[in-house]
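Reading through the structure tokens given below for one structure.
The values are calculated or read from the model by the stated rules, or taken from the named source; none is laboratory data. Remember, predicted model here, so these are calculated numbers, not experimental data. All Cβ positions, even for glycine, are placed from backbone atoms using ideal geometry, and neighbour counts span all protein chains on display.
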Amino acid sequence: MSEPVLLVAEDGGIATLTLNRPQALNALSRELRTALVQALDRLAGDAEVGVLILTGAGRAFTAGLDLKELGGPGFGRDATEAAIADGDVIDAMARCPQPIIGAVNGFAVTGGFEIALACDVLVCSDQARFADTHARVGILPGWGLSQKLSRSIGIYRAKELSLTGNYLTAEQAAEWGLVNRVVAPEELMPTCRALARDMLSCDPTVLRAYKRLIDDGYARTFGDGLKLEADAARTHARTVTADAIATRRAGVQARGREQKG
């Protein structure tokens, strides 16, 4: 019996999703895309899961859409167009209320690059490599890369990557501000789990609301984003009690002493 294309493990409020087609560099086949969307939607409604970690098995995070499948029997032009335009995975990641930490273990190419950009935090192995090969394959991106990449690293650097198809090393990605940090391969998952535990120590309601506030504001102008924040803060303030603030304040102070020590 073959292994599932997506592995899901839950432990202590953290759900780890592993793209599991290592022999195909975790290329996003129709089966894998469907499994990932279903898992994300299920976990989104699970109050016991506070943070998600997304990674890949083997030497790739994901190589993007499965071009071999798209070029095979039963996948004509209409099916290929539909797959490229299919934003179900990205949409599922966007509507997921929990933070998603991308544990980029290896190659994140084209559609895989777009999956990485849909995460909330990116931690890379020093073996990770990014590339946008849309122009080399002969298609245009449909999952947000042309807009998100330039907003992440600047328009000139984004054009260099997208108009050449050249690879970007993990170290260069960190220097350009694309990823949060780069670690040794054996430290990738422990680092991501430590970050997840830090997130879990926050107020769970505010954690989810804060993620949504950042994302919604980022899609607007700066002025509209400030107004969005002010409105959200006023609405939330009506639900906060003095006792809750005092309890949280004591927790913050205790954590500060621990980290300082």
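Pick from segment 24-42 the residues that are among the aliphatic types (A, V, I, L, M) and touching a helix residue (DSSP H, G or I) at 6+ places or on another chain (Cβ under 7 Å): which of them is farthest from MET93 (Cα to Cα)?
Looking at residues that are among the aliphatic types (A, V, I, L, M) and touching a helix residue (DSSP H, G or I) at 6+ places or on another chain (Cβ under 7 Å), I get LEU28.
If the requirement is being among the charged types (D, E, K, R) and closer than 25 Å to LEU163 by Cα, which of these qualifies: ASP120, ASP132, ASP88?
None of the other options fit; the residue is ASP132.
Please tell me if ALA44 is within 17 Å of the chain's Cα centre (by Cα), in the same structural domain as VAL123 (by TED's automatic domain parsing), under 19 Å from VAL123 (Cβ atoms) and among the hydrophobic types (A, V, I, L, M, F, W, C).
no
Would you list the helices (runs of 4 or more DSSP H) that sit entirely within segment 21-91 and hold 3 or more residues that are within 18 Å of CYS119 (Cα to Cα) and at pLDDT 95 or above?
Correct list: 30-44.
From the list GLN147, GLN98, GLN127, which residue is polar (S, T, N, Q) and surrounded by fewer than 17 Cβ atoms within 10 Å (Cβ to Cβ)?
Answer to the selection: GLN147.
Taking segment 103-118 only, how many residues are under 12 Å from the mean Cα position of the chain (by Cα) and either in a helix (DSSP H, G or I) or not assigned by TED's automatic domain parsing to the domain that holds VAL183 (or both)?
Residues in segment 103-118 being under 12 Å from the mean Cα position of the chain (by Cα) and either in a helix (DSSP H, G or I) or not assigned by TED's automatic domain parsing to the domain that holds VAL183 (or both): 6 in total.
Could you say whether any residue in segment 150-169 is buried (at least 16 other Cβ atoms within 10 Å of the Cβ), in contact with a Leu (Cβ under 6 Å, 6 or more places away or on another chain) and charged (D, E, K, R)?
no
For segment 28-45, what are the residues that are without any contact (Cβ under 8 Å) to a residue 12 or more places away in the chain and farther than 20 Å from TRP143 by Cα?
Selection gives ARG42, GLY45.
Across segment 181-199, what is the total count of residues that are more than 17 Å from GLY56 (Cα to Cα) and crowded, with 18+ Cβ neighbours inside 10 Å?
Within segment 181-199, residues that are more than 17 Å from GLY56 (Cα to Cα) and crowded, with 18+ Cβ neighbours inside 10 Å number 3.
For the structure I just gave you, tell me whether VAL137 is modelled with pLDDT under 95 and either touching a helix residue (DSSP H, G or I) at 6+ places or on another chain (Cβ under 9 Å) or surrounded by 16 or more Cβ atoms within 10 Å (Cβ to Cβ) (or both).
Considered against the rule, which asks whether it is modelled with pLDDT under 95 and either touching a helix residue (DSSP H, G or I) at 6+ places or on another chain (Cβ under 9 Å) or surrounded by 16 or more Cβ atoms within 10 Å (Cβ to Cβ) (or both), VAL137 comes out as yes.
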